[in-house]
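Colleague: First the structure, which I've put down as structure tokens, then a few questions once you've had a look.
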Amino acid sequence: MQPSREHGFGCACCSTPLARRRLFGLALAATVLTETRPGRAAEGNYEAMLLSCIDPRIVTPVYDWMNGRGLQGRYSQFVIAGAAVAVVAPAFAAWRVAFWDNLATSVELHRISRLIIVDHRDCGAARIAYGETALATPEAETKLHREVTASLSAEVAKRMPKLQVERGLMALDGSMMMFG
């Protein structure tokens with residue numbers, strides 16, 4: 001039987017189990033070579049890890065803010081509902097392990113020197129975790145996020161004392177209030 005010029009699962013040269021294994025092996029070898037080439041590795045020296053929220057309203061403003069700081073392509077990212085709220089609030093205790101494991105991985109692989117925490121106003125996860133009264137006024141909302149991010153910052157200082165922490169609260173228009 002003549003091999004088909006169109007390679008696919010039905011062609012003569014690719015339809016046998018041995019031929020598929022060989023094709024898979026070649027694809028695997030190509031992947032390994034690509035992944036180990038300099039400049040393509042997951043490891044490297046990056047500036048920071050960004051912790052931000054999944055809320056679609058702030059994805060672009062956060063990206064723009066990070067780029068405006070000259071960090072494009074120089075940070076890893078962990079996005080979870082509530083950002084710091086997800087790591088601190090008792091309501092989301094089960095999510096903490098994922099954050100801490102990701103932060104440790106970013107420190108090890110990317111050799112980051114800081115964590116940048118970006119919480120945002122009108123956060124639904126904060127409302128779930130702390131209730132409406134905690135967010136009743138802009139002042140109350142600011143106070144809550146200041147406390148939550150400070151709590152996370154203190155925990156980072158205990159676990160990873162060399163890691164610097166920056167923390168802030170972003171408005172839905174992209175303006176940022178940094179906390180001390």
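The values are calculated or read from the model by the stated rules, or taken from the named source; none is laboratory data. Nothing here was measured: the structure is a model prediction, and the numbers come from that model. Here Cβ is always computed from backbone atoms with ideal geometry, including for glycine, and neighbour counts include all displayed protein chains.
Colleague: Can we say LEU144 is assigned to a helix (DSSP H, G or I), surrounded by 14 or more Cβ atoms within 10 Å (Cβ to Cβ) and hydrophobic (A, V, I, L, M, F, W, C)?
Modeller: Taking the combined requirement at face value, the residue satisfies it.
Colleague: Test THR133 against the criterion of being modelled with pLDDT under 95 and among the β-branched types (Val, Ile, Thr), and give yes or no.
Modeller: Taking the combined requirement at face value, the residue satisfies it.
Colleague: Which one of these is among the hydrophobic types (A, V, I, L, M, F, W, C) and on the phi > 0 side of the Ramachandran plot: ALA48, ALA83, ALA104, ALA89?
Modeller: ALA83 is the lone residue from the list that is among the hydrophobic types (A, V, I, L, M, F, W, C) and on the phi > 0 side of the Ramachandran plot.
Colleague: How many residues does segment 120-141 contain that are assigned to a helix (DSSP H, G or I) and touching a helix residue (DSSP H, G or I) at 6+ places or on another chain (Cβ under 7 Å)?
Modeller: Summing the residues that are assigned to a helix (DSSP H, G or I) and touching a helix residue (DSSP H, G or I) at 6+ places or on another chain (Cβ under 7 Å) in segment 120-141 gives 10.
Colleague: All but one of (1) at pLDDT 65 or above; (2) touching a Ser or Thr at 6+ places or on another chain (Cβ under 9 Å) hold for GLN72, so report the exception by its number.
Modeller: So the condition that GLN72 fails would be (2).
Colleague: If I filter segment 169-179 for residues that are part of a helix (DSSP H, G or I) and either within 19 Å of the chain's Cα centre (by Cα) or surrounded by fewer than 16 Cβ atoms within 10 Å (Cβ to Cβ) (or both), do I get at least one hit?
Modeller: Among the residues of segment 169-179, not one is part of a helix (DSSP H, G or I) and either within 19 Å of the chain's Cα centre (by Cα) or surrounded by fewer than 16 Cβ atoms within 10 Å (Cβ to Cβ) (or both), which makes the answer no.
Colleague: Now, a different point. For segment 37-119, which helices (runs of 4 or more DSSP H) that fit wholly inside it have 1 or more residues that are in contact with a strand residue (DSSP E or B) (Cβ under 7 Å, 6 or more places away or on another chain) and over 20 Å from THR142 (Cβ atoms)?
Modeller: 56-68, 96-110
Colleague: Residues to consider are VAL85, VAL97, VAL79, VAL62; find the one that is surrounded by 14 or more Cβ atoms within 10 Å (Cβ to Cβ) and without any contact (Cβ under 8 Å) to a residue 60 or more places away in the chain.
Modeller: VAL79
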